[in-house]
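Here is the structure we will look at.
The values are calculated or read from the model by the stated rules, or taken from the named source; none is laboratory data. None of these values were measured; they are calculated from a predicted model. Glycine also receives a Cβ, built like all others from the backbone with ideal geometry; neighbour counts cover every protein chain displayed.
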Amino acid sequence: MFSEKDLQALLDYSAENQVVSLYLSTDPTDMNTEASKLRLRNLLKAIDLPEDVQAIEHYVNLEYDWAAKGLAVFSDQAADFFKTYQFNVSLPDKVYVGKHPTIRPLVNLLDTFTGWGVVLVDKEGARFFSFNLGELSEMEGFTGDEVKQTKRGGGNAMHGRMGGADASGNVENIIEKNIKEVISEATDFFEHHHIRRIMIGGTDNNIARFKDELPKSWQSLIVGEFPMSMLASHSEVLEQTTKEALDAQKKVNKFLVNQAVTLAAKGSNGVIGLIDTMNAIHEGRVRILLVSQEFEQEGYRCKGCGLLTTQELDTCPFCGDTFERIDTAVELAVRDTLKNNAEVKVLEDVEPLKEAGNIAAILRY
Ligand SMILES: [Zn+2]
């Protein structure tokens, strides 16, 4: 499975000539193989690197596993560099050519779909899943004592009151005991799988009970809740968790954009627009970079200290060296940010970010 390490390798890659970055959606539930191959041919038409086009087509036609939903290929045949990654989540069709691999779609994927723990809970037990890059894996669940549904009304009027109270008291005890066990199993699961965010499926009551019993530190990681039966199939859980992960990510990203814009307006720890954001990146002040998926611009890079800028300057104000022209200043800004160990959030069609110039940042100081 694609990991941070793979992303790091792509970050470190620099082509002598040019590297092709290709992203293709191949979701078999959406389209057939021939349609995907046709879209690939159309995408590759725009590229004037015959050896790379041939290598990519060869791979897709002869080696690709069409059960996957998304494909990423990085090809620099002149340097014998060829990397392919398959995903269980769809990727938007895109092709890029440049000195470095274009990594924004992968950054977005890692940011949205890693570190998830999913819990389905009812009165008797729970099912646990880890969810990473579209791979949903079910772990060992927990089943406690059976909770017999008590009949309401009816029954024998003579024994009804006493018997009913005893029975329901007993049921409550069983439920209480079960939930304690569920919580203990759940926290073990979260710890062992390095879960960073949690979603819970069940009835409102069962979700509420689970949350109440969960220690505060784990409660704060809950970002999704949805109605779901304990008997849900793997594909039902997968569909729901994919949707929840996308929704949660959108919500967080929107919140961060608003925060950056507000902070920038106050002259506090926020910047908007390419020039100010590039300067903040260069100074190592960026904590979270927010950037539109498709935003790109030409620019200049200082040969000495690496300063990125959109204006052509004779000498660098930081180190006095000269500049070289670059085609993809925004992608380089993303790479610089990641290399500084700051977070990058890639957004699609978020209006306030577009208004802010398609790029903004929340600063460390
Ligand atoms: Zn410089």
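With the condition kept exactly as written, say whether any residue in the stretch 83-96 is part of a helix (DSSP H, G or I) and either of a type in the set (D, E, K, R) or touching a residue at least 40 places away in the same chain (Cβ under 8 Å) (or both).
No: zero hits.
For residues that are closer than 18 Å to ASN340 by Cα, near the ligand (Cβ under 8 Å from one of its atoms) and hydrophobic (A, V, I, L, M, F, W, C), tally how many sit in the stretch 300-317.
The number of residues fulfilling the criteria is 3.
Looking at the stretch 200-277, what helices (runs of 4 or more DSSP H) fall wholly within it and have at least 1 residues that are in contact (Cβ under 8 Å) with a residue 40 or more places away in the chain and of a type in the set (Gly, Ala, Ser)?
In the stretch 200-277, the matching helices (runs of 4 or more DSSP H) lie at 234-265.
ARG335: crowded, with 16+ Cβ neighbours inside 10 Å, out of contact with any Lys or Arg (no Cβ under 6 Å at 6 or more places or on another chain) and outside any loop (DSSP other than H, G, I, E, B), yes or no? Explain how you work it out, then say what you get.
Values: crowded, with 16+ Cβ neighbours inside 10 Å: yes; out of contact with any Lys or Arg (no Cβ under 6 Å at 6 or more places or on another chain): yes; outside any loop (DSSP other than H, G, I, E, B): yes.
Criteria met by ARG335.
Against the definition (under 25 Å from the mean Cα position of the chain (by Cα), β-branched (Val, Ile, Thr) and more than 24 Å from PHE113 (Cβ to Cβ)), how does VAL73 come out, yes or no?
Considered against the rule, which asks whether it is under 25 Å from the mean Cα position of the chain (by Cα), β-branched (Val, Ile, Thr) and more than 24 Å from PHE113 (Cβ to Cβ), VAL73 comes out as no.
Does at least one position in the stretch 354-361 carry a residue that is surrounded by fewer than 19 Cβ atoms within 10 Å (Cβ to Cβ), basic (Lys, Arg) and in contact (Cβ under 8 Å) with a residue 12 or more places away in the chain?
yes
Can you find a residue in the stretch 148-159 that is assigned to a loop (DSSP other than H, G, I, E, B), surrounded by fewer than 13 Cβ atoms within 10 Å (Cβ to Cβ) and at pLDDT 95 or above?
Checked the stretch 148-159: no residue is assigned to a loop (DSSP other than H, G, I, E, B), surrounded by fewer than 13 Cβ atoms within 10 Å (Cβ to Cβ) and at pLDDT 95 or above.
Can you tell me which residues in the stretch 1-38 are farther than 24 Å from LEU110 by Cα, out of contact with any strand residue (DSSP E or B) (no Cβ under 7 Å at 6 or more places or on another chain) and surrounded by 15 or more Cβ atoms within 10 Å (Cβ to Cβ)?
Across the stretch 1-38, the qualifying residue is only LYS37.
When residues of the stretch 318-331 are filtered for being crowded, with 20+ Cβ neighbours inside 10 Å and within 14 Å of the ligand (Cβ to nearest atom), how many remain?
Result for the stretch 318-331: 1.
Please enumerate the residues belonging to the stretch 39-59 that are acidic (Asp, Glu) and either surrounded by fewer than 17 Cβ atoms within 10 Å (Cβ to Cβ) or at pLDDT below 95 (or both). Explain how you work it out, then say what you get.
Of the stretch 39-59, the ones acidic (Asp, Glu) are 48, 51-52, 57.
If the condition is that a residue be acidic (Asp, Glu) and either surrounded by fewer than 17 Cβ atoms within 10 Å (Cβ to Cβ) or at pLDDT below 95 (or both), then ASP48, GLU51, GLU57 are the ones that fit.
Could you please let me know if ALA280 is part of a helix (DSSP H, G or I), within 16 Å of the ligand (Cβ to nearest atom) and not β-branched (Val, Ile, Thr)?
yes
Looking for something more than 30 Å from ILE183 (Cβ to Cβ), loosely packed, with under 13 Cβ neighbours inside 10 Å and either assigned by TED's automatic domain parsing to the domain that holds VAL346 or not polar (S, T, N, Q) (or both) - is there at least one such residue anywhere in the stretch 235-251? Break it down into steps so the answer makes sense when it comes.
If we filter the stretch 235-251 for residues that are more than 30 Å from ILE183 (Cβ to Cβ), which is where we start, we get none.
Within the stretch 235-251 (the criterion being more than 30 Å from ILE183 (Cβ to Cβ), loosely packed, with under 13 Cβ neighbours inside 10 Å and either assigned by TED's automatic domain parsing to the domain that holds VAL346 or not polar (S, T, N, Q) (or both)), the answer is no, since none of the residues qualifies.
Taking VAL291 as meeting all but one of (1) within 16 Å of the ligand (Cβ to nearest atom); (2) closer than 17 Å to ARG104 by Cα; (3) in a strand (DSSP E or B), write down the number of the exception.
(1)
Would you be able to say whether some residue in the stretch 103-120 is part of a loop (DSSP other than H, G, I, E, B) and surrounded by 23 or more Cβ atoms within 10 Å (Cβ to Cβ)?
Checked the stretch 103-120: at least one residue is part of a loop (DSSP other than H, G, I, E, B) and surrounded by 23 or more Cβ atoms within 10 Å (Cβ to Cβ).
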